[in-house]
1. Tell me whether segment 132-246 comes out rounded, prolate or oblate; compute the Cα gyration tensor, take square roots of the eigenvalues as a ≥ b ≥ c, and use a/c under 1.5 as the rounded threshold.
2. In square nanometres, what is the average projected area of the Cα convex hull of segment 54-124?
3. Quick check on packing: order 60-66, 205-211, 300-306 by the mean number of other C-beta atoms within 10 Å, highest mean leading.
4. Using a 10 angstrom cutoff on alpha carbons, build the Gaussian network for the chain and name the most mobile of 253, 35, 186.
5. Let me make sure I get this right: for the chain, a, b and c are the square roots of the gyration tensor eigenvalues over alpha carbons, sorted descending. Under 1.5 in a/c it's rounded, otherwise prolate if a/b > b/c, else oblate. Which is it?
6. Go through 77-86, 259-268 and give me the packing order, highest mean Cβ count within 10 Å leading.
7. Express the relative contact order of segment 132-246 as a whole percentage, based on alpha carbon pairs under 8 Å and six or more residues apart in sequence.
8. When ranked by the protection proxy of mean other Cβ atoms within 10 Å per residue, highest first, what sequence do the peptides 126-134, 95-103 form?
């Protein structure tokens, strides 16, 4: 279990390191899992299916897909060797395995003009789907699968004159045979939610819906990135059904993943470093949450904390570092190994 002293160690030692040298908390090691194939750059989202890792490379394209943006979805073996590379139109930001079909779903253009490519994981065949006019005015960032359905985070919403997100923050999606995607709102952009540490109920304003994941108990965890909080949409029958977790220290995070095994490793894409790192430990706490953070800006009284990957306390909102002094960690995945998978 990490402690606050680990945060002090990592932050203090990071100040003495170069901007491209990761700094480890004791008990962890780091290595480079993969680098981009020729013609690809800016790794972001990660997905794991069986013994293969899929990485989305956005190549510096515009997040609204303008300028003929194209991305590569690259399949790797577990030893970091490229198996295949697939080009998709747009700026890739979301990548998930559909557990019902074993397809890879690649979501493009999180700011506007979003599209989706489904990739047959066996043959590599792709199909493109397009969204209609978005009910929130922006794009779509990430996707999760639950109860046989697909849900997308409604990113980059258009705010009203009072700065409120009057559209949805999460939509349910159905892929139509004509290549279009029909969406319906399932979670408002201004929902009432219970504060996890204190239990008080507040009307939220989700101005930056971003990454999504499922918790080990099957709840939906949505990152409201720019607002520095996580939204927990609990399974029906659990009360309160909607909770939120303010992140301590004004931290903002991107992907969050959970360790589903005591043996394995974390993968994290460091987009600006153009690397996918492998973070290893002798043993992991099963069910523990880990997030990629942009770091914390300096204040008048405290120094800046470089970007880092940390263990997330889902009760307090503290994010305590495993590896700091990264450049821009974004996508994450946990790979279980051995008989504990």
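1. Values: a/c = 2.10, a/b = 1.23, b/c = 1.71.
Oblate, because a/c is 1.5 or more while a/b does not exceed b/c.
2. The orientation-averaged projected area of the Cα hull of segment 54-124 comes to 4.7 nm².
3. Values: 60-66: 18.3, 205-211: 24.4, 300-306: 13.1.
Ranked from most to least packed, the peptides come out as 205-211, 60-66, 300-306.
4. 186
5. Rounded is the answer for the chain, as its axis ratio a/c remains below 1.5.
6. Highest to lowest by the protection proxy: 259-268, 77-86.
7. Numbers: 270 pairs, mean separation 22.6, N = 115.
Taking the mean separation of contacting Cα pairs over the length of segment 132-246, I get 20 percent.
8. 95-103, 126-134
Values in this text are rule-based calculations from the coordinates and carry no lab data. None of the values given here were measured: they were computed from a predicted structure. Don't worry about glycine lacking a Cβ; one is built from the backbone with ideal geometry, like all the others, and counts go over all protein chains shown.
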